[in-house]
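Below you'll find the structure, written out as structure tokens, and then a few comments.
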Amino acid sequence: MSVKSANPLSGLKRHLHRACAAAALLLGGGSLAQAADLNALIWCDHSDPALLQPFETANNVKVNVKEFEGTGAGLAIVEQSQPGDWDVMVIDSIDVPRGVEKGLFEPLPEDKLPFADLFPQVKMDKSTMIDGKRYGITEKFGYNTIGFNKTKVDPADMQSLASLTSDKYKGKVAIYDYYLPVIGMAALAIGKKTADLTEADLPALKEELLKMKANAKLVGEVTASQTALATGEVDILVGGGEWVTAGLAKENPALDFSIPKEGAVLWSQSLAMFKDSKNKDMALKFIQYILSPEGQARLATSSCYWGMPSNTKAALTDDQKKVLRFDEQPGFLARAQAYPAPNADLDKKMQDMWTEMLQAK
Amino acid sequence: MNSAGNNGRAQPRAGRALPWALVTPALGWTLLFFVLPFIAMGLSSLTAHGGGGFTLANYSQFFTNPSYWQAMVNSLQVTAIVTVVSVLLAYPFAWILAEQVPERWQRLALMLAVLPFWTSYVVRSYSWLLVLAQNGVINRALIGSGLISEPPQLANTRLATVTGFVHFFVMLLTLTIFANLKQLSPSYRKAAADLGAGPVRTFLHIILPLTLPGIMVGAFLTFVLCIGDYITPQILGGNNELLMPQLVMMQIGRRGDFPLASALSIILMAVVTVAYLACARWLKIERA
């Protein structure tokens, strides 16, 4: 018997969670769909009808989506659901092992998915493969880097992370509110590799973050960051990249992003299939569709945010490729480093450091 | 006779059962959606993230981590400012509505007063962001009029957060104070005047004390809604200082640290309870 199940407090808590969830489902008339439908836990880019409708029409299926933000919140939804409630999930590639540890995911059939067509650097084998089995496939990626308005700042300055802390741009900067990628950028700024970060690096990282904060006007989540850049509230976004500027390119072509000489932090989102899915065939079809050239083009240019498709054969138009700077990807990828993937203890310390940075005047 | 006797015994029993039958749905609702989740949250707050036994670590973390503690200080400061400013703005507004606006126009005026409630928090907050932004309406007007040459930072500040909150809560307070003012009998004023009291004295010694319950009910609602709001400070405050709801959300997002989030929420609820007890006299709890 595990320690967790032996603890009466945890047991009671679990029962209460389940009772509350069951009651909510009963009173809601059953918010989850029939078994024939596909239930997907997703990020907002997957809720775009332009992405989902072609799949629904072609397969005569209804895709029920539930959006979440952050792996912790997503896994909590799964924990409070019944086995089989969900078929597929979008998850940070670095967090795939968290789902596997909880026994949630089904290994994916490599021969039925276009792994050979993916950009090699975004396969993320270290996190998507466990014990020789692949549990996640990267569907979209990009860079946490510098987004900027090229009419307001010197684009040459944006080739160095040092500019972010210089007096020249004081009060012109916004910081994207997600601690891991921005800590990754702070690491690059002080010459550290994101993969090598340890607790000993925290003081230096904190100092760098405080310097960034001193220059920043705000620290905002996706929409707030994007709005700040679009309205001219700030001219530079630390931690933003093509996911901010690409979607606004038509309205404001002055917005751009750079991969500075120190590098950028690669973000990557994966699709995973649930082990308890009652509709595995349809779940696989869905993953195949998302990874197909057509699905990839639609996902990359989703109304929620744009990002690079992981499939090199994505059916993007020339204009879309230009906005995403598709042709420059090999060079960008060569300078990109993965998200820091701290263990639980270091993760907690990093988040506390981020909290201190937010509270700093 | 038998029948009459049976009825005589059955009626009191039915009479006793009826109130319970009527109140059962409300009790069930409260049990299901407040008591059970609250117990679950309380138990969760006493466990460690990732499993393990009973621990008070989540609570001690709050009291020993200065940045967590600062979030509570920030929340209380913002809430106090919002409540005081809202009361100061709402009272004259409610008084004008109740005393100066003709009866036939009061309904329209009240409808206009509740208009902000028709707009979602998110839309309202983003609208304020556009008004207060560097290139927003206010800064453009100030620069255009020649009063200033460099736009001050209005958005992404505590001032912006307070402005967004006050816009919403001043109307809530207006409604509660207005209802209280309308209940006052005109004979109070007449009696005060007969005894030689001027308008200011009548207001300070008669009207204000009698409308205190309305003020306190509105202030308490403002306090509760303001201290627990996540959206307005997130959008308008620019995360330049953390408030308690934001700190709670941070624990859930990536790490899924529900025990710590639960502990922080319990602490937040404890503060609300203290505010409730402080206002109990005016909220008429004893009479309930």
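The values are calculated or read from the model by the stated rules, or taken from the named source; none is laboratory data. Note that this is a predicted model, so its numbers are computed, not measured. Virtual Cβ from ideal backbone geometry, glycine too; neighbours counted across all protein chains shown. We work out accessible area using only protein heavy atoms, side chains counted, and drop any ligands, DNA or RNA first. Shrake-Rupley method; radii C 1.70, N 1.55, O 1.52, S 1.80 Å.
Considering only residues that are polar (S, T, N, Q) and either more than 14 Å from every other protein chain (Cβ to nearest Cβ) or open to solvent by less than 20 Å² (accessible area, probe 1.4 Å) (or both), which ones fall in region A:309-358?
Applying the first criterion (polar (S, T, N, Q)) to region A:309-358 yields A:310-312, A:317, A:320, A:329, A:337, A:343, A:351, A:355.
Passing the criteria: A:SER310, A:ASN311, A:THR312, A:THR317, A:GLN320, A:GLN329, A:GLN337, A:GLN351, A:THR355.
So, restricting to helices (runs of 4 or more DSSP H) that lie completely within region B:5-99, which ones have at least 1 residues that are within 28 Å of B:VAL166 (Cβ to Cβ) and of a type in the set (S, T, N, Q)?
Details: elements: B:36-45, B:57-64, B:66-95.
Per the criteria, B:66-95.
How many of the residues making up region A:90-109 are within 18 Å of A:GLN296 (Cα to Cα) and surrounded by fewer than 20 Cβ atoms within 10 Å (Cβ to Cβ)?
Selection size over region A:90-109: 0.
Give all pairs with beta carbons closer than 7 Å in which a residue from region A:292-321 that is within 19 Å of A:PRO54 (Cα to Cα) meets a residue that is of a type outside the set (A, V, I, L, M) and open to solvent by 50 Å² or more (accessible area, probe 1.4 Å); count only pairs at least 6 apart in sequence or on separate chains.
Correct list of pairs: A:PRO293/A:LYS313; A:ALA315/A:GLU294.
Within region A:61-71, identify whether any single residue is assigned to a helix (DSSP H, G or I) and over 18 Å from the mean Cα position of the chain (by Cα), and answer yes or no. Please lay out each step first, then the result.
Just the residues of region A:61-71 that are assigned to a helix (DSSP H, G or I), to begin with: A:71.
Then keep just the ones that are over 18 Å from the mean Cα position of the chain (by Cα); that gives none.
Among the residues of region A:61-71, not one is assigned to a helix (DSSP H, G or I) and over 18 Å from the mean Cα position of the chain (by Cα), which makes the answer no.
Kindly provide the set of residues from region A:40-76 that are within 10 Å of chain B (Cβ to nearest Cβ) and not hydroxyl-bearing (Ser, Thr, Tyr), ordered by number. Even if it seems obvious, please write down each step before you answer.
Quick first cut of region A:40-76, residues within 10 Å of chain B (Cβ to nearest Cβ) only: A:68-76.
Of everything in region A:40-76, those that are within 10 Å of chain B (Cβ to nearest Cβ) and not hydroxyl-bearing (Ser, Thr, Tyr) turn out to be A:PHE68, A:GLU69, A:GLY70, A:GLY72, A:ALA73, A:GLY74, A:LEU75, A:ALA76.
With A:THR151, A:THR138, A:THR71 as the choices, which residue is open to solvent by 20 Å² or more (accessible area, probe 1.4 Å) and hydroxyl-bearing (Ser, Thr, Tyr)? Break it down stepwise before answering.
Details: A:THR138 fails: open to solvent by 20 Å² or more (accessible area, probe 1.4 Å); A:THR71 fails: open to solvent by 20 Å² or more (accessible area, probe 1.4 Å).
Result: A:THR151 is the single residue among A:THR151, A:THR138, A:THR71 that is open to solvent by 20 Å² or more (accessible area, probe 1.4 Å) and hydroxyl-bearing (Ser, Thr, Tyr).
Looking only at region A:145-178, count every residue that is under 25 Å from the mean Cα position of the chain (by Cα) and away from chain B (no Cβ under 14 Å) and tell me the total. Working first, answer last.
Just the residues of region A:145-178 that are under 25 Å from the mean Cα position of the chain (by Cα), to begin with: A:145-149, A:158-161, A:164, A:173-178.
Subset that is away from chain B (no Cβ under 14 Å): A:145-148, A:158-161, A:164.
Qualifying residue count, region A:145-178: 9.
Among the residues of region B:116-138, count how many are within 15 Å of B:TYR230 (Cβ to Cβ), in a helix (DSSP H, G or I) and not hydrophobic (A, V, I, L, M, F, W, C). Give the steps one after another, and end with the answer.
We begin by selecting, within region B:116-138, every residue within 15 Å of B:TYR230 (Cβ to Cβ); these are B:120-122, B:124-126.
Filter once more, keeping what is in a helix (DSSP H, G or I): B:121-122, B:124-126.
Among the residues that remain, those that are also not hydrophobic (A, V, I, L, M, F, W, C) are: B:121, B:124-126.
Residues meeting the conditions: 4.
Taking region B:101-115, which residues are open to solvent by less than 40 Å² (accessible area, probe 1.4 Å) and in a helix (DSSP H, G or I)? First the steps, then the outcome.
Within region B:101-115, the subset open to solvent by less than 40 Å² (accessible area, probe 1.4 Å) is B:101, B:106, B:109, B:113-114.
Correct list: B:GLN106, B:ALA109, B:ALA113, B:VAL114.
Of the numbered conditions (1) out of contact with any helix residue (DSSP H, G or I) (no Cβ under 7 Å at 6 or more places or on another chain); (2) open to solvent by 50 Å² or more (accessible area, probe 1.4 Å), B:GLY28 fails exactly one; give the number of that condition.
(2)
Among B:ALA48, B:ALA80, B:ALA98, which is surrounded by 11 or more Cβ atoms within 10 Å (Cβ to Cβ) and at pLDDT 95 or above? Outline the logic, then answer.
Details: B:ALA48 fails: at pLDDT 95 or above; B:ALA98 fails: at pLDDT 95 or above.
Residue meeting the stated conditions: B:ALA80.
Which one of these is touching an Asp or Glu at 6+ places or on another chain (Cβ under 9 Å), in contact (Cβ under 8 Å) with a residue 24 or more places away in the chain and more than 29 Å from B:THR157 (Cβ to Cβ): A:GLU221, A:GLU199?
Values: A:GLU221 fails: more than 29 Å from B:THR157 (Cβ to Cβ).
None of the other options fit; the residue is A:GLU199.
Are any of the residues in region A:8-30 surrounded by 12 or more Cβ atoms within 10 Å (Cβ to Cβ), more than 12 Å from chain B (Cβ to nearest Cβ) and modelled with pLDDT under 95?
Yes, region A:8-30 contains at least one residue that is surrounded by 12 or more Cβ atoms within 10 Å (Cβ to Cβ), more than 12 Å from chain B (Cβ to nearest Cβ) and modelled with pLDDT under 95.
Could you grab me the full set of residues in region A:212-267 that are part of a helix (DSSP H, G or I) and not aliphatic (A, V, I, L, M)?
Our first condition is that a residue be part of a helix (DSSP H, G or I); within region A:212-267, this holds for A:212-215, A:222-230, A:242-248.
Within region A:212-267, A:LYS213, A:ASN215, A:THR223, A:SER225, A:GLN226, A:THR227, A:GLU242, A:TRP243, A:THR245, A:GLY247 meet the criteria.
Filter region B:139-160 down to the residues that are open to solvent by 60 Å² or more (accessible area, probe 1.4 Å) and either within 14 Å of chain A (Cβ to nearest Cβ) or under 23 Å from A:GLN226 (Cβ atoms) (or both) and list them by number.
B:ARG140, B:ILE143, B:GLU150, B:GLN153, B:ARG158, B:LEU159
Has region B:209-229 got at least one residue that is under 23 Å from A:GLY74 (Cα atoms), surrounded by 13 or more Cβ atoms within 10 Å (Cβ to Cβ) and either in contact with a helix residue (DSSP H, G or I) (Cβ under 7 Å, 6 or more places away or on another chain) or of a type in the set (A, V, I, L, M, F, W, C) (or both)? Spell out how you get there, then give the answer.
Taking region B:209-229 and keeping what is under 23 Å from A:GLY74 (Cα atoms), we get B:228-229.
After this cut, where a residue has to be surrounded by 13 or more Cβ atoms within 10 Å (Cβ to Cβ) as well, the list is B:228-229.
From what's left, either in contact with a helix residue (DSSP H, G or I) (Cβ under 7 Å, 6 or more places away or on another chain) or of a type in the set (A, V, I, L, M, F, W, C) (or both): B:228-229.
The answer is yes, given that some residue of region B:209-229 is under 23 Å from A:GLY74 (Cα atoms), surrounded by 13 or more Cβ atoms within 10 Å (Cβ to Cβ) and either in contact with a helix residue (DSSP H, G or I) (Cβ under 7 Å, 6 or more places away or on another chain) or of a type in the set (A, V, I, L, M, F, W, C) (or both).
Considering only region A:233-254, state which residues are over 16 Å from A:LEU164 (Cβ atoms), of a type outside the set (S, T, N, Q), out of contact with any Gly (no Cβ under 7 Å at 6 or more places or on another chain) and in contact (Cβ under 8 Å) with a residue 12 or more places away in the chain. It would help to see each step written out before you state the result.
First, the residues of region A:233-254 that are over 16 Å from A:LEU164 (Cβ atoms): A:233, A:242-243, A:245-254.
Filter once more, keeping what is of a type outside the set (S, T, N, Q): A:233, A:242-243, A:246-251, A:253-254.
Going one step further and asking which of them are out of contact with any Gly (no Cβ under 7 Å at 6 or more places or on another chain), we end up with A:233, A:246-251, A:253-254.
Within region A:233-254, A:GLU233, A:ALA246, A:GLY247, A:LEU248, A:ALA249, A:GLU251, A:ALA254 qualify.
Assigned to a helix (DSSP H, G or I), within 14 Å of chain A (Cβ to nearest Cβ) and among the hydrophobic types (A, V, I, L, M, F, W, C): which single residue out of B:ILE215, B:ILE235 fits that description?
Details: B:ILE215 fails: within 14 Å of chain A (Cβ to nearest Cβ).
None of the others qualify; the one that does is B:ILE235.
Does B:LEU242 count as crowded, with 17+ Cβ neighbours inside 10 Å and either part of a loop (DSSP other than H, G, I, E, B) or without any contact (Cβ under 8 Å) to a residue 24 or more places away in the chain (or both)? Full working, then the answer.
Details: crowded, with 17+ Cβ neighbours inside 10 Å: yes; either part of a loop (DSSP other than H, G, I, E, B) or without any contact (Cβ under 8 Å) to a residue 24 or more places away in the chain (or both): yes.
When the stated conditions are applied, B:LEU242 passes them.
Tell me, which residue of region A:204-215 that is open to solvent by 20 Å² or more (accessible area, probe 1.4 Å) and among the aliphatic types (A, V, I, L, M) is farthest from A:GLY240 (Cα to Cα)?
Ranking the qualifying residues of region A:204-215, first place goes to A:ALA204.
All but one of (1) touching a Gly at 6+ places or on another chain (Cβ under 9 Å); (2) open to solvent by less than 50 Å² (accessible area, probe 1.4 Å); (3) charged (D, E, K, R) hold for A:ASP85; which doesn't?
In the conditions (1) touching a Gly at 6+ places or on another chain (Cβ under 9 Å); (2) open to solvent by less than 50 Å² (accessible area, probe 1.4 Å); (3) charged (D, E, K, R), A:ASP85 misses (1) alone.
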